[in-house]
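This report refers to the structure that appears directly beneath it.
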Amino acid sequence: MTTRGFGEPVKRVEDPRLVTGKGRYVDDIGDDRTLHAAFVRSPHARARIRDIDPFEAYEVDGVVAVYTWDDLAGPAAEPLPLLIPHPDLTHPRTGYALARDAVNHVGEAVAMVVARDRYVAEDAVALVKVDYEVLKPVVGLRKAAAAEELVYDDVPGNAAAVSTQAYGDAATAVAQAPHRLTFEWDIERSACMPMEGKGVHARWDRHEEKLTLWTATQTSTGVRGAVSAKLGLDLTQVDVVTPDVGGGFGVKIVHPWPEEIMVPWASMRLGRDVKWTEDRREHFVSSAHERAQLLTVDVGFDDEGRVLGMEVDILHDHGAYIPYGLIVPINASTQLLGPYKPDAYRVTFTSLYTNTVLVTPYRGAGRPQGVYAMERTMDRIAQYLGKDRLAVREANFIQPDEFPVDFGLMFQDGRPLKYDSGNYPGLADKLRALVGWDEFEDFRAQARSEGRRVGIGLGFYVEGTGPGPYEGGHVQVLTSGKVKVATGITSQGQGHQTAFAQIVATELGVPFEDVIVTTGDTRRFGYSVGTFASRGAVMSGSAIALAARKVRDRTLRLAADALEADPGDLEIVEGQVQVKGDPSTAVGIGTVAVLSNPLRYAFDEASKAATQFSGGPVDYSQPPIAPGDKPGLDETDYYSPPASTFAAGAHAVIVETDPDTAEIHILKYAVVHDCGRMVNPRIVEGQIHGGVAQGVGGALYEVMAYDEAGQLANASFMDFLMPYVSEVPTSIEIDHLETPSPLNPLGIKGAGEAGVIPTSAAIAAAIEDAEGIPIVRMPISPSELFDLRRAAAYPEPVVNTMPGTASTRWVDPASLPAAPTTESEDRP
Amino acid sequence: MKTSKFTYHAPRTVAEALDTLAEHSVDAKVLAGGQSLVPVMAMRLAAPAHLVDINKLTPELGDLEVTGDGVRIGALVRHARLERDADAAVRVPLVGQALRHVAHPTIRNRGTTVGSLAHADPSAEMPVVLALLGGSVVARSVRGERTIDAADFFVGPMESVLGYDELAVSAFFPAVPGRAGTAFDEITRRHGDYAMCGLAVVAQLDEADRFTSLRLAFVSVSDVPEVVDLTDDVAGTPYTDVDHAALGDRVRELVDPAGDLHASADFRRHLAAVLTQRLTREAAERAAGVAPGAAATAGTAPTTRGGRA
Amino acid sequence: MTSTSHRTGHSTGHGTGQVGEQHAEIRVKVNGVPRRFDVPVRRTLCDALRTDLELTGTHVGCEHGVCGACTVLLDGEPVRSCLMLAVSADEHEVTTVEGLTEPDGTLSPTQQAFVDCHGLQCGFCTPGFLTTISAFVAENDDPTPEEAREAIGGNLCRCTGYQNIVASVLRAAELTRERAAGDAPPADRGPAPDAPAASTQGGAL
């Protein structure tokens, strides 16, 4: 058994390359002859295009071409695809590769310049004259819902979709519950913001009539399908290669981006390599955002805090276009339930158009919003009943013996929302110890005596990971003994090459070092879905394991012939096939690979053994390749699960708020995490660290600040405040629980998104706990906390007594009239 | 985000640089550290037709001179060099106290202090320090040389009195005479960001620990650095008897900041008061020799910072 | 710049309405090797390193000096190469991530530390961290955790949450001390020169 197999904290094989500057990202590809593209982008949030005059831009020395929508024809001129249709998505709208006659957000691509370098291309972009008729934009959820202006004249109410799911009679359950509370929870926009933006490099080979496209995508097969359709090419004429990718976090799963059409389109016309590298400003205004939602919760519960009924209405801002369908609001509306199963539940979401950058999944993909609403509701139930917040959650947990749990709802993969396994009380027990929940009041008292304000917050979540439909893996033993593995999913830093090599090393019995993994290259593996929804390890890991098992069986069978033994008596140890426990009988798997492929021609010493006159016993009654068999020592297999597997976790955070400056500091952050069996704990913890940091960013620093005109006021790293090291907790305490999934051969669940999901919920709760002021809107800045403190001098929670029930509605103090001494600034 | 075209000049002497500036006047920009200019050029918010790179003028503009009166720095003295200069830290501690808040070390390795002054960003630290200390900038052109007092130097946000043909060749940060203490701190969103509010304080005491003067200047609070003189509020009072909270309230009345994405106007005003309360005490204690850092380099609180150039 | 005046060239292209770009010939010692090359005067140092010298290890993350991905060493000091014109590097020494590796291919203490501590995920911001930290541990080979955090305070990473990067700084310092004392553990090598450029890809580029 290799010591670097499944479950070991193996050092990554990717790293020696990446730390020496030998990584290869899209922008690293190309040479002197490569042409560079830049795009004219709309400066207006909503406008009609009257005319485009590219004449002056053409005249710039070094400009090769300027293209507008008028230059496009056929499928390339039609709207970009609606990737994920849904019956409730009644009014889908998608953009064009280049704007046709209207623009619907600042940053939308209007024209394309191709030039000898990017500097010249930008010179020309500045000279393309576009005549716009500027229209009044719709910005913000409340404006969109009010629908006084419409983004599209033929989309009433600005609603692309209204979708309801329910089980039980939630309205009655809420109405008849002993206690009832209503809340409105508000989350603002953030974005994935990978350190590398998007990028595309296209090479049209006019002799072979083949297109090779390198793109920083999360789905090379998706891009391949979309590009071949849009450019009128056979699928086999297009190869898409995903080289090293500098982070994705969701934004790169969307495809085709306009540039993924236009760059290869231009390359075909010009017969030259063409590349486009998104700059940071472009990324802010033309790559997707996420998160903005308003969630209204009406909850009924008993004296123990058990939720008897829950009604939720979600307003979801999806921006100007909706190519990725309803995935984000479906996640928010179903994953809101977390580790609880209220007796009755009804959720309705309305997905609204606004004149802002489109919204598509960002790590967590709607779950942070849903979890925020549910977890904060749990906090308030506890507060209302005067109970411990953890105890109220425990009263609502699905118990370990209840699995599988089928909610009767449909999940984002179009399959039942059915939890496969989990141990939520176990998470709570570990979290209680890890964060010191029971000792916190002593700590608070101590801090108070020093004039300090501290608070603690919790967030539990369940995350559907590893959705289908499928992934595949190809495992090939070379005659050298090396094992080459290919899978279709792409990598953006998850360490797939390491994790998958660990799986193969374990399943096949070969040294970890001998396993070399390729991802995201349609030349090596053409069937795939992509990297998203924490599915890489679950899906490709499982497929690769299945393929490796087939190779192992085949290796043993072939070796059994050579060793004249029964396959059941053989084992593979460190790449040697041997009779169990008898190394003297060992034959290298490379030798088995030689024997697996009968040869006429020898090309090296090893291959001589497989040639036709090499001697050895031959059964002349049989052909060299037995019927039903095949040459070579390689296998392909696929994994296609019946449903997603549901990972879970719990976070707790202790914050300190400065009584004077309203600064918010995280004193302690604790994570208990259950992603089933871990392939590589080191990689899993790295994913959690990164997720938590993004969660902290989303809770305390990051917001997309659109003004009323639809201009993004903070489209730079100066003003969009991604955390530096100084903003993340000094240490993130992690504990694991491993509840295997019964759905896949390795018992694993996804881990990629876990860190980010409950972070806003936990931090908001901790600030509320420290301050004694209701925290409703996230993220929150010191300036906003200062405003809330001022406003908190205002009324107590408004209490409405209704017949038979008590209904309390917390009012967001920010929505109250400002105190005379306060200049209340609304969030832009 | 690529800068537009310009004609590049790399003069080998200051005289050559001044000729170039005189020739191209309004069309020319001086490139020193570039930490503020290059990003705005990359965003094409600035597109000078001529760029005069003075980085080859170190022999003439690279001097850092510490005298009994204060610290004089040439236009090519980088923030990092000034920050690390032990003599400067002793002579004018406020300079080092503030420099530690200027962006991040990597920016300070390249950015120049005189460049930051010339950039005249109201969110930057060093203009405030120059104003509070009553320093000056020496500007030279083909017309001659003039010394401009800090009080006259800054005329608006991102605007100084430097003429188009003038090069800021040096700046002088005077030492504070007598029993003096200084303090600097700022409140930022992220470590290293421009301050939501920053404050520099100079306190002077007599031999009986009574205030003889107390002056403040704020970062990110006014369009140009303004000195808020609270001497009348405290003169003659032993520093231990001063009500620092009351000084904060006084400042609340005196400042009139604007709001932006990161801090409302009212929050800025509040932070100005909080910093006043904290730092007037600290500066006075330094003057009295009872606070850490009284001698020189030790700064205030943890380093949080902003500003670049 | 060489002492002669800058050469002004007109690049080829079919347009005629605009004047060509001013170029200049510069001499820069890059990773210990004297290089002499011609650049458009407006080209940033990072673009020149990447395109003219094909040193693509230096990455461009924001082009406005905030993220730190493009950090290189200028005469040994970390600077943002996106905030410097290539012409301003004339007559200076530049060290990029490619130049951190020992001549025999041995990983530098900082590079080794990142491998040891899982200090990177996607690897895009990593070169800027490596150059910054290399300069830091050369000055301070026994930092406190607080000093380690301060040292990387101006570099953005979106993947790691910085936890393992801070650990890498401390590990880099430890390796630096060990190597100075001559009792370092065997270090990893970078990929061999003939190794595939990127093993995430199946074929040649």
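Every read-out reported here was derived from the displayed coordinates using simple, explicitly stated rules and does not represent laboratory data. As the structure is a computational prediction, the values presented were derived from the model and not from experiment. Methodologically, a virtual Cβ is constructed for each residue, glycine included, from the backbone with ideal geometry; neighbour enumeration extends over all protein chains shown.
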Checklist entry - Peptide B:34-46: average number of partner chain Cβ atoms within 10 Å per residue? => result 5
Next on the checklist: Quick check on the exposure proxy: order A:ASP674, A:ASP153 from fewest to most C-beta atoms within 10 angstrom.
Outcome noted: A:ASP153, A:ASP674
Checklist entry - Computed on alpha carbon atoms, what radius of gyration and Dmax characterise chain B, expressed in Å? => result 19.2, 62
Checklist outcome for this item: chain B, Gaussian network, Cα under 10 Å: of B:GLY96, B:GLY144, B:GLY236, the residue fluctuating most is B:GLY144
Checklist entry - In whole Å, how far is the Cα centre of the stretch B:84-105 from that of the stretch B:198-263? => result 21
Item to check | Cα-based reach from A:LYS580 at 24 Å (exclusive), listing lysines while leaving out same-chain residues under 8 positions away | outcome: A:LYS482, A:LYS550
Item to check | Surface/4 estimate of mean projected area, convex hull on alpha-carbon atoms of chain A, nm² | outcome: 39.1
Item to check | Percent of alpha-carbon pairs separated by more than 17 Å within the stretch B:58-174 | outcome: 50
Checklist entry - Taking neighbour counts of Cβ atoms within 10 Å as a proxy for exposure, in what order, fewest first, do A:THR221, A:THR636, A:THR354 appear? => result A:THR636, A:THR221, A:THR354
Checklist entry - Going by alpha carbons, how many degrees (0 to 90, nearest 10) lie between the helix axis of A:542-563 and the longest principal axis of chain A? => result 20
Checklist outcome for this item: Over the stretch A:521-574, the quotient of the Cα radius of gyration and 2.2 N^0.38 Å is 1.57
Next on the checklist: Taking the number of other C-beta atoms within 10 Å as the exposure measure, put A:SER287, A:SER584 in order starting with the fewest.
Outcome noted: A:SER584, A:SER287
Item to check | Euclidean distance between Cα centres, the stretch A:637-662 to the stretch C:17-55, Å | outcome: 46
Checklist entry - For the stretch A:492-585, which trypsin sites (Lys or Arg not before Pro) are both in a DSSP coil and crowded by at most 10 other Cβ atoms within 10 Å? => result none
Checklist entry - What average number of partner chain Cβ atoms lie no more than 10 Å from the Cβ of the residues making up C:125-138? => result 2
Item to check | Degrees between helix A:258-270 axis and first principal axis of chain A (Cα, 0 to 90, nearest 10) | outcome: 40
Item to check | Distant-in-sequence amide H partners of B:THR188 (H built 1.01 Å from N, under 5 Å) | outcome: B:MET196
Checklist entry - Quick one: which of B:205-213, A:504-512 comes out on top by average Cβ neighbours within 10 Å, and what's the full order, highest first? => result A:504-512, B:205-213
Checklist outcome for this item: Of A:490-501, C:32-43, B:182-193, ordering from highest average Cβ density within 10 Å down gives A:490-501, B:182-193, C:32-43
Next on the checklist: I need the phi-derived Karplus couplings for the stretch C:50-65: 6.51 cos²θ - 1.76 cosθ + 1.60, θ = phi - 60°, integer Hz, Gly and Pro marked x.
Outcome noted: 6, 9, 6, 9, 6, 9, 7, x, 7, 9, 10, x, 9, 6, 9, x
Checklist entry - What ranking, highest mean first, results for peptides B:1-9, B:45-53, A:127-135, A:374-382 when packing means the other Cβ atoms within 10 Å averaged over each residue? => result A:374-382, B:1-9, B:45-53, A:127-135
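If you take each beta carbon of peptide A:246-253 and count the beta carbons of other chains within 10 angstrom, what is the mean?
Numbers: counts 11, 8, 3, 3, 0, 0, 0, 0.
Partner Cβ neighbours, averaged per residue: 3.
Compute the normalised compactness of the stretch C:109-181: alpha-carbon radius of gyration over 2.2 N^0.38 Å, N being the residue count.
With N residues counted in the stretch C:109-181, Rg over 2.2 N^0.38 Å equals 0.96.
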Item to check | Ratio Rg/Rh, restricted to the stretch C:24-99 and using Cα atoms, in which Rh is the Kirkwood radius | outcome: 0.91
Checklist entry - Using Cα-only point scatterers and the Debye equation, what is log10 of I(q)/I(0) for the stretch A:377-530 at each q in 0.08, 0.15, 0.17 Å⁻¹, rounded to two decimals? => result -0.47, -0.95, -1.03
Checklist outcome for this item: antiparallel share of DSSP beta bridges within the stretch A:468-639, to nearest 5, in %, is 75
Next on the checklist: Beyond 21 Å, how much of the Cα-Cα pair distribution for the stretch A:468-639 remains, as a whole percent?
Outcome noted: 49
Item to check | Rounded to the nearest 20 debye, dipole of chain A from Cβ charges on Lys, Arg, Asp, Glu | outcome: 1080
Checklist outcome for this item: Computed ³J(HN,Hα) along the stretch A:686-693: with the Karplus parameters 6.51/-1.76/1.60, θ = phi - 60°, integer Hz and x for glycine or proline, the list is x, 5, 5, 3, x, x, 4, 4
Checklist entry - Roughly speaking, what is the centre-to-centre gap between the stretch A:86-140 and the stretch A:248-302 when only Cα atoms are used, to the nearest Å? => result 13
Checklist entry - To the nearest 10 degrees, how steeply does helix A:367-385 sit against the main Cα axis of chain A, on a 0 to 90 scale? => result 40
Checklist entry - Mean separation of Cα pairs under 8 Å and 6+ residues apart, divided by the residue count of the stretch A:468-639: what relative contact order is that in percent? => result 29
